[in-house]
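The values are calculated or read from the model by the stated rules, or taken from the named source; none is laboratory data. As the structure is a computational prediction, the values presented were derived from the model and not from experiment. With ideal geometry, Cβ positions are generated from the backbone for all residues, glycine too; neighbour counts draw on all protein chains shown. Surface areas here come from the heavy atoms of the whole protein model, side chains and all, with no ligands, DNA or RNA. Shrake-Rupley method; radii C 1.70, N 1.55, O 1.52, S 1.80 Å.
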Amino acid sequence: MKFESKGLISLEINGEIYDYKLYQSLESLSKTKSQRKSARELGISHTVFNRRLLKAEDKLGVKITEKIGNGTLLTAEGLELLEEFRKYEIQIEKTSNINIVGGHISTGLLESIPTPFNINIYSSSDEDAFELAKRGAVDILTLDDPLIAYERDINFIPIAYDYLVLISGPQSKKIDSISDLEGLDFVNVAGSAQRLAWNSLKHYDIEYNIEAEVNSQFDAFKMVRNSENLYTFLNASYFKGNELLKYDTQHVISVVKVNDDKKEVDEFIRFLINDGQELIRNQGFTPMG
């Protein structure tokens, strides 16, 4: 069997996903040696417990349990699977520090506010951050744009609102209305919330050109400010600009809990959505309350 740890979705084996419920079942069964006792321990029926094991065996193509007298033991393959789950659990439990990966805007926000927690923050695009989170090496994923969470039906927790402003160079023509955006050349920031701006322009039947693409909002800002004919849309929390599409591009900055077992993660998130809201406001974001 080929194993690969997945933070948000537990474990991937030969292309199939197995969630934490299977791990709980194997962990319990390794101690009780009884499906009925384990089912009671997990608060589910014996039928559901047995079906969970059979479904896993069917996908794996191997037996992970065997009947011995009146009890049930894990086979060598079942023990191997349990050991892999345990390795993953140790990986994400080995420190009380909270490891966070996320988009440039959301991680920048968390870096800027004082908290009583020990946090390690890694900044990336939303897409790259999501891939890192899937490996299980971090505790929290932050998203500049909730699109990834929507697409994958992942639960996310909003911590702030933001919106996009139009950025132009000092010599660029003045933009007073949406119709003034017709035919302009833009710089796109990969993996950002700019999709909201492009969708809005399409909604208003505005023709536009993507002249260049960069990976950072700060790179886009420098490129546009040094040009007379380039424009871009960037987050209002970090940049001052034309609020023409403010209400069309409002979106949430959010966090996704990757590690369900580290108590510090829950405490940190509670801090963000309660006492941290005023600190978030001070950084130029709109708080949730």
Inset, instruction - Could you please find all residues in region 158-183 being touching a helix residue (DSSP H, G or I) at 6+ places or on another chain (Cβ under 6 Å) and either surrounded by fewer than 17 Cβ atoms within 10 Å (Cβ to Cβ) or not in a strand (DSSP E or B) (or both)? - result: Gly169
Inset, instruction - Output the number of the condition that Ser237 fails; it satisfies all remaining conditions of (1) open to solvent by less than 40 Å² (accessible area, probe 1.4 Å); (2) out of contact with any helix residue (DSSP H, G or I) (no Cβ under 6 Å at 6 or more places or on another chain); (3) at pLDDT 95 or above; (4) in a loop (DSSP other than H, G, I, E, B). - result: (3)
Legend entry - Which numbered condition Gly136 misses (of (1) in contact with a helix residue (DSSP H, G or I) (Cβ under 9 Å, 6 or more places away or on another chain); (2) closer than 27 Å to Glu228 by Cβ; (3) among the small types (Gly, Ala, Ser); (4) not in a helix (DSSP H, G or I)): (2)
Legend entry - Selection status of Asn235, under 30 Å from Gly136 (Cα atoms) and of a type in the set (S, T, N, Q): yes
Inset, instruction - Residues being in contact with a Phe, Trp or Tyr (Cβ under 9 Å, 6 or more places away or on another chain), open to solvent by 10 Å² or more (accessible area, probe 1.4 Å), outside any loop (DSSP other than H, G, I, E, B) and under 22 Å from Gln217 (Cβ atoms): count how many of those fall in region 252-289. - result: 2
Inset, instruction - Return a yes/no flag: does region 144-159 have any residue that is charged (D, E, K, R) and touching a Gly at 6+ places or on another chain (Cβ under 9 Å). - result: yes
Inset, instruction - Look through region 186-200, keep the residues that are within 23 Å of the chain's Cα centre (by Cα) and part of a strand (DSSP E or B), and return whichever of them is modelled with the lowest pLDDT. - result: Val189
Legend entry - Close pairs from region 201-228: first more than 16 Å from Ala190 (Cβ to Cβ) and in a loop (DSSP other than H, G, I, E, B), partner at pLDDT below 95 and of a type in the set (S, T, N, Q), Cβ under 8 Å, at least 6 apart: Ser227/Ser172; Glu228/Gln171; Glu228/Ser172
Inset, instruction - Would you point out the residue of region 141-157, among those that are assigned to a loop (DSSP other than H, G, I, E, B) and of a type in the set (D, E, K, R), that is surrounded by the most Cβ atoms within 10 Å (Cβ to Cβ)? - result: Asp144
Legend entry - Residue among Glu12, Glu27, Glu41, Glu77 that alone is charged (D, E, K, R), outside any loop (DSSP other than H, G, I, E, B) and modelled with pLDDT of 90 or more: Glu41
Inset, instruction - For Ile105, state whether it is modelled with pLDDT of 85 or more and open to solvent by 10 Å² or more (accessible area, probe 1.4 Å). - result: no
Inset, instruction - May I ask you to verify whether Ser125 is touching a residue at least 60 places away in the same chain (Cβ under 8 Å) and polar (S, T, N, Q)? - result: yes
